[in-house]
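What follows is a short report on a single structure.
The values are calculated or read from the model by the stated rules, or taken from the named source; none is laboratory data. Quick caveat, the model's predicted, so the values are computed rather than measured. Methodologically, a virtual Cβ is constructed for each residue, glycine included, from the backbone with ideal geometry; neighbour enumeration extends over all protein chains shown.
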Amino acid sequence: MEEIDHEDAESTHLRSLVTAEADGDERAVEAALRPRTLDEVVGQQRVREQLGLVLEAARRRERTPDHVLLSGPPGLGKTTLAMIIAAEMSAPLRLTSGPALTHAGDLAAILSGMNEGDVLFVDEIHRTARPAEEMLYMAMEDFRVDVVIGKGPGATAIPLEIPPFTLVGATTRAGLLPGPLRDRFGFTAHLEFYEPAELDLIVRRSADLLGVEVTRDGSAEIAGRSRGTPRIANRLLRRVRDWAQVRADGVVTLEAARAALDLYEVDESGLDRLDRGVLDVLCRRFGGGPVGVSTLAVAVGEERETVEEVAEPFLVRNGLLARTPRGRVATPAAWAHLGLTPPPGTGDTALFDG
Ligand SMILES: Nc1ncnc2c1ncn2[C@@H]1O[C@H](COP(=O)(O)OP(=O)(O)OP(=O)(O)O)[C@@H](O)[C@H]1O
Ligand SMILES: [Mg+2]
């Protein structure tokens, strides 16, 4: 049921090396690197503990666990955790996604094939179509749904009992979930960006699984450029490995990491060309702002949406750029990142208020 399109995701010429989303073959590559048990999961201490408790309690009561919502930015481990939930409960995992549930019938077909204890994973659950979503409410709460057969006055509703199951929903946009749906989850796990030390562990674990030798400073360098995101860490590791194998002795060292990632234009803080372009234009051409996002986009030769949705979130999160009512503003950290001296007055709190 899961849609996998086999485009060449390993080709990096079209996409930035540091986008958080995966596509095509990258998902297949990732499967090999996924932790299989809660104990293998690196970081996310709180979520691990909370989820561990939910699962252990369910096991002791010999009941299916409450429905679980996993929310957080791309590449932080939602799909991984969904698979772990099923594995920890020794239950089969059924996969679908919001966009695949366009009609109530799509969901009914899946639900009617479920067995007691199954885990149903709905990825991108915020994109579920309305009628399917309403059926989902019922299924989650009452473990039964009404399947409507026919149309108009002749339509009949046939009740369908569903064996108790656990719904695991994943979303990058928890805010888009309607209240009634959100309320039906017994537990919501919010995944946070990872600390460099955690990413370092993830890089070393992945290197191990890939059979690649990595030095301490090599893995630390990759971790530092990974934008708090395991998916990016694993991707950078693969690119550095390539470099090390072709240009050196195959060992992922600090030098290999620096040379490879400089080649791919991912800097020490994980900024790529577009990110740096935005900061550069903002500081050099507009004196640090404030400047409107459309103007900024034209100046870097990108669509407004690309600047807003691809570059800005990371820059804002890292305190390099601020969104103010009067426009985008470079922070003192942005000037420092470019090795420039900010004009006097940059960073005045007045500018960043509101
Ligand atoms: N805590 C972790 N420890 C080790 N590896 C991790 C962890 N979290 C994620 N990963 C790795 O990162 C990759 C991406 O994780 P995953 O597919 O679960 O992200 P996601 O949150 O589902 O992303 P998306 O929103 O794009 O679906 C996986 O290959 C997995 O190996
Ligand atoms: Mg996922």
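Asp272 - would you say it is among the acidic types (Asp, Glu), touching a residue at least 60 places away in the same chain (Cβ under 8 Å) and away from ligand 1 (no atom under 16 Å from the Cβ)?
When the stated conditions are applied, Asp272 passes them.
Residues checked against (1) more than 17 Å from Thr172 (Cβ to Cβ); (2) in contact (Cβ under 8 Å) with a residue 12 or more places away in the chain; (3) out of contact with any strand residue (DSSP E or B) (no Cβ under 8 Å at 6 or more places or on another chain):
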site: Val54; (1), (2), (3): yes, yes, no
site: Asp66; (1), (2), (3): yes, yes, no
site: Leu76; (1), (2), (3): no, yes, yes
site: Leu81; (1), (2), (3): no, yes, no
site: Ile84; (1), (2), (3): yes, yes, yes
site: Ala91; (1), (2), (3): yes, yes, no
site: Arg94; (1), (2), (3): yes, yes, no
site: Ser97; (1), (2), (3): no, yes, no
site: Gly105; (1), (2), (3): yes, yes, no
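Considering only residues that are aromatic (Phe, Trp, Tyr) and touching a residue at least 24 places away in the same chain (Cβ under 8 Å), look in the range 134-166 and name the one that is surrounded by the fewest Cβ atoms within 10 Å (Cβ to Cβ).
Tyr137
Are there any pairs, at least 6 apart or on different chains, whose C-beta atoms fall under 6 Å, with the first in the range 118-133 and surrounded by 24 or more Cβ atoms within 10 Å (Cβ to Cβ) and the second aromatic (Phe, Trp, Tyr), and if so, which?
Within 6 Å, the pairs are Leu120/Phe165.
I'd like the full set of residues that are over 21 Å from the mean Cα position of the chain (by Cα) and not in a helix (DSSP H, G or I), limited to the range 40-62.
Answer for the range 40-62, where residues must be over 21 Å from the mean Cα position of the chain (by Cα) and not in a helix (DSSP H, G or I): just Glu62.
Considering only the range 56-115, state which residues are of a type in the set (Val, Ile, Thr) and more than 16 Å from ligand 1 (Cβ to nearest atom).
Within the range 56-115, Thr64, Thr102, Ile110 meet the criteria.
Anything in the range 21-39 that is in a loop (DSSP other than H, G, I, E, B) and near ligand 1 (Cβ under 6 Å from one of its atoms)? List them, or say none.
Selection gives Glu21, Ala22, Leu33, Arg34, Pro35.
Test each condition in (1) more than 20 Å from the chain's Cα centre (by Cα); (2) surrounded by 16 or more Cβ atoms within 10 Å (Cβ to Cβ) for His103 and report the one that comes out false.
Of (1) more than 20 Å from the chain's Cα centre (by Cα); (2) surrounded by 16 or more Cβ atoms within 10 Å (Cβ to Cβ), only one is false for His103: (2).
Taking the stated definitions as given, is Glu21 surrounded by fewer than 18 Cβ atoms within 10 Å (Cβ to Cβ) and either closer than 27 Å to Leu101 by Cβ or modelled with pLDDT of 95 or more (or both)?
Values: surrounded by fewer than 18 Cβ atoms within 10 Å (Cβ to Cβ): yes; either closer than 27 Å to Leu101 by Cβ or modelled with pLDDT of 95 or more (or both): yes.
In short, yes.
Among the polar types (S, T, N, Q), within 16 Å of ligand 1 (Cβ to nearest atom), free of Cβ contacts under 8 Å to residues at least 40 places away in the same chain and over 19 Å from Arg27 (Cα atoms): which single residue out of Gln45, Gln50 fits that description?
Among Gln45, Gln50, only Gln45 is among the polar types (S, T, N, Q), within 16 Å of ligand 1 (Cβ to nearest atom), free of Cβ contacts under 8 Å to residues at least 40 places away in the same chain and over 19 Å from Arg27 (Cα atoms).
Suppose the filter is surrounded by 18 or more Cβ atoms within 10 Å (Cβ to Cβ) and touching a residue at least 12 places away in the same chain (Cβ under 8 Å); does Gly288 pass it?
On the way: surrounded by 18 or more Cβ atoms within 10 Å (Cβ to Cβ): yes; touching a residue at least 12 places away in the same chain (Cβ under 8 Å): yes.
In short, yes.
So, Val147, is that one at pLDDT 95 or above and among the aliphatic types (A, V, I, L, M) or not?
Working: at pLDDT 95 or above: no; among the aliphatic types (A, V, I, L, M): yes.
No; evaluated as a whole, the condition is false for this residue.
For the range 67-84, check the following and say yes or no: at least one residue is basic (Lys, Arg), closer than 30 Å to Glu309 by Cβ and surrounded by 20 or more Cβ atoms within 10 Å (Cβ to Cβ). Before the answer, list the steps.
Here is the first cut: in the range 67-84, the ones basic (Lys, Arg) are 78.
Next cut, closer than 30 Å to Glu309 by Cβ only: 78.
When the remaining residues are screened for being surrounded by 20 or more Cβ atoms within 10 Å (Cβ to Cβ), the result is 78.
Checked the range 67-84: at least one residue is basic (Lys, Arg), closer than 30 Å to Glu309 by Cβ and surrounded by 20 or more Cβ atoms within 10 Å (Cβ to Cβ).
Limited to the range 44-70, what total is found for residues that are under 30 Å from Leu210 (Cβ atoms) and in contact with a Pro (Cβ under 8 Å, 6 or more places away or on another chain)?
Number satisfying all stated conditions: 1.
Being assigned to a loop (DSSP other than H, G, I, E, B) and not small (Gly, Ala, Ser) is true for just one of Glu312, Glu265. Which residue is that? Spell out the reasoning first.
Details: Glu312 fails: assigned to a loop (DSSP other than H, G, I, E, B).
The unique qualifying residue is Glu265.
Of all residues in the range 73-113, which are more than 14 Å from ligand 2 (Cβ to nearest atom) and assigned to a loop (DSSP other than H, G, I, E, B)?
Met89, Ser90, Ala91, Pro92, Leu101, Thr102, His103, Gly113
Do we find a residue being in the same structural domain as Ile85 (by TED's automatic domain parsing) and without any contact (Cβ under 8 Å) to a residue 24 or more places away in the chain anywhere in the range 169-176?
yes
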